[in-house]
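A short worksheet on the structure shown next.
The values are calculated or read from the model by the stated rules, or taken from the named source; none is laboratory data. No experiment lies behind these values; they were computed from the predicted model shown. Neighbour counts are summed over all protein chains in view; Cβ atoms, including those assigned to glycine, are modelled from backbone coordinates with ideal geometry.
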Amino acid sequence: MARKGYFIRKNLLIQRKLQFKYMAFVLAAILITSAVIVLSVYLAHWSLLRARLPEIQAKAIIDEVSRTLNTLLLFEIPLAVFIAVIASIIVSHKVAGPVYHLQKVAREVARGDLTRSVHLRRDDELKNLSEAFNSVIDNMHVLVSNDRKLIFELSKVADTLYGDLKDKKINEQEALVLIRKVNDLIGELKTLIMHYKIEKS
């Protein structure tokens, strides 16, 4: 079965619940890291300034350093959070997009459309899963095609047998040959489907 090429997904928030969980995790990690860094910077600067400057000068310098640090941090932390949000959307999309597409194709295959297959972008995650899923669809396609051919042949033999018996155009020996052919076709059909496990152990 021929496969289509890769495509570009336009909607970045395709599995919102999954992506928001991913984003919350990334943002929490960034905010905790930022808080630790900010606290470390403040403590390091204050302890250095207090240790090296006389009391009167220290207060003025600490106030100036605090204002400078606050200004920098008030600009840098929101910028870092914004960049983290964008990065987490893009990174989570590499998983959420394929999950969404796999679910969509799985629903269509479950409804009986074996012409479907999963096509992911080059840089998406879960490529191995999509290839395995496509392999399952291809195998089901071959199985159903072979079943249809055998069912068609069975139908044809049964119609011939019925017509010949009805019109008395066939003797008992010829009827036995046709019945044997029907049994052979049924055996082929059984062979095709018997290796599938349908009962839980």
Assuming Phe133 fulfils every condition listed in (1) surrounded by 12 or more Cβ atoms within 10 Å (Cβ to Cβ); (2) at pLDDT below 85 apart from one, which condition is it? (2)
Just one listed residue, out of Ala58, Ala35, is modelled with pLDDT under 80 and surrounded by 14 or more Cβ atoms within 10 Å (Cβ to Cβ), and it is Ala58
Test for Leu150: is it among the hydrophobic types (A, V, I, L, M, F, W, C) and touching an Asp or Glu at 6+ places or on another chain (Cβ under 9 Å): yes
List the residue pairs whose Cβ atoms are under 6 Å apart, where the first residue sits in segment 100-128 and is free of Cβ contacts under 8 Å to residues at least 24 places away in the same chain and surrounded by fewer than 16 Cβ atoms within 10 Å (Cβ to Cβ), the second is part of a helix (DSSP H, G or I) and among the small types (Gly, Ala, Ser), and the two are 6 or more positions apart or on different chains. none
Scan segment 84-98 and tell me whether some residue there is touching a Lys or Arg at 6+ places or on another chain (Cβ under 9 Å), without any contact (Cβ under 8 Å) to a residue 60 or more places away in the chain, surrounded by 14 or more Cβ atoms within 10 Å (Cβ to Cβ) and not hydroxyl-bearing (Ser, Thr, Tyr). yes
